[in-house]
Each structure stands twice: as C-alpha cells, then as structure tokens.
Amino acid sequence: MTDIAIYEEEDHASQRGDVAQRAAGVGCRTAGYIRILSGTVGVSDKAASEFSRLRDRMVDVQLAGRGITDPRVLTAMRTVPREMFVDHALEEFAYEDGALPIDAGQTISQPYIVARMIEAATLGLGSRVLEVGTGSGYAAAVLSRIAAKVYTIERHAALADRVK
C-alpha cells in the first residue's frame, strides 16, 4: 500500500508573515510542515541561531555561489529548516554539501540538487507539483514555499509514516 502526503500553501513567499505565525498555523495549510516546524519549540535559541547561520551560508555559498539565481528558490531554501528533516544524530551535518541517509536505505538529497531541480521546473505561483518519492519531505517542504500545491507520494511505509 502507498501512502500519500499532501503539502499545500495558500499564501506565497512574498505575502508571508513571520516563522512563528507559520509554525502556529496562521495563514498556512501545510500540515506536515507545520508539525515539523512546531518541533523546533524545544530547540535552544543558540542552536536555532546556529542552524539559521548555517542555512544562510548554505544558500550563499552552495546555491547562489554555484549559479542558483531564482530568488524564490533561494528564499525557500533559506526558510525551510533542513535539520528538521534528518535524524537527530545527523543534524550537525544538515547544511553540508551532500546527501544524508534517512530510513529505508534512502537519502535526503544534497541541497544544491534540490535547489537545481526546483529552479529547473520554473514554477509559477499557481503551479501544482507531483513529487514521486517523498523521502524525508524536505523537497516537498521547499516546493510548498513556491508552488500553489504540492502532492507527494512515497512507496516506503517507514518514510511515509515519518512524514505524516
């Protein structure tokens, strides 16, 4: 049996409020993403600040520095907390330039690859996306910051259950 997770945004990056409002579900209908963002409540301010610094560096060096130019992609990648999509033991490596292992023998893709695929899709504000292979849910979360609707399907039950 295949599980399906749906990520959808009704507001777009240029119209969004602050992260705290999105985490609380104000103006946002991305249930899977809200659940993951709400998990950051237990993270210390110091750790959150360090992850934010690493995320900014990843975007500036690994993405923009290697030719990703779409400002919507760069903003989405700067906004989605990749550390929330990897195993706790691997959080410190979340913003390194490489793939990381997740359940079911799969990996969360390298940030550059996620950004390049999304930029190549040339999505508009009304775009609907079907992602085959949800994995950790990271790419779907990034896509949900740009596209109107993101539908994603995962064949590995362990991964589908984790994303729910």
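Here, each number is a calculation from the coordinates, and none is a lab measurement. Values in this document were obtained by computation on a predicted structure and should not be read as measured data. Note that we place each Cβ from the backbone using ideal geometry, even for glycine, and neighbour counts take in every protein chain shown.
Structural remarks
- Relative protection proxy for 70-79, 91-100, from highest mean packing down: 70-79, 91-100 (other beta-carbon atoms within 10 angstrom).
- Span from the region 118-137 Cα centroid across to the region 67-89 one, whole angstrom: 14 Å
- Amide H within-cut-off set for residue 108, under 5 Å, with H built and near neighbours excluded: 100, 102
- Amide H contacts of residue 131 (H built 1.01 Å from N, under 5 Å, at least 5 apart or other chain): 151, 152, 153
- The phi torsions of region 140-145, fed into the Karplus equation with coefficients 6.51, -1.76 and 1.60 and a -60° offset, translate into couplings of 5, 5, 5, 4, 5, 7 Hz, rounded to whole numbers, with Gly and Pro shown as x.
- Extending 7 Å from Cα along the Cβ direction at residue 88 and again at residue 75 yields two label points whose distance is 3.4 nm.
- Most tightly packed first, judged by the mean number of other beta-carbon atoms within 10 Å of their residues, the peptides 145-157, 44-56 read 145-157, 44-56.
- Summary of packing: across the peptides 122-134, 57-69, the per-residue average of other C-beta atoms within 10 Å ranks them, highest first, as 57-69, 122-134.
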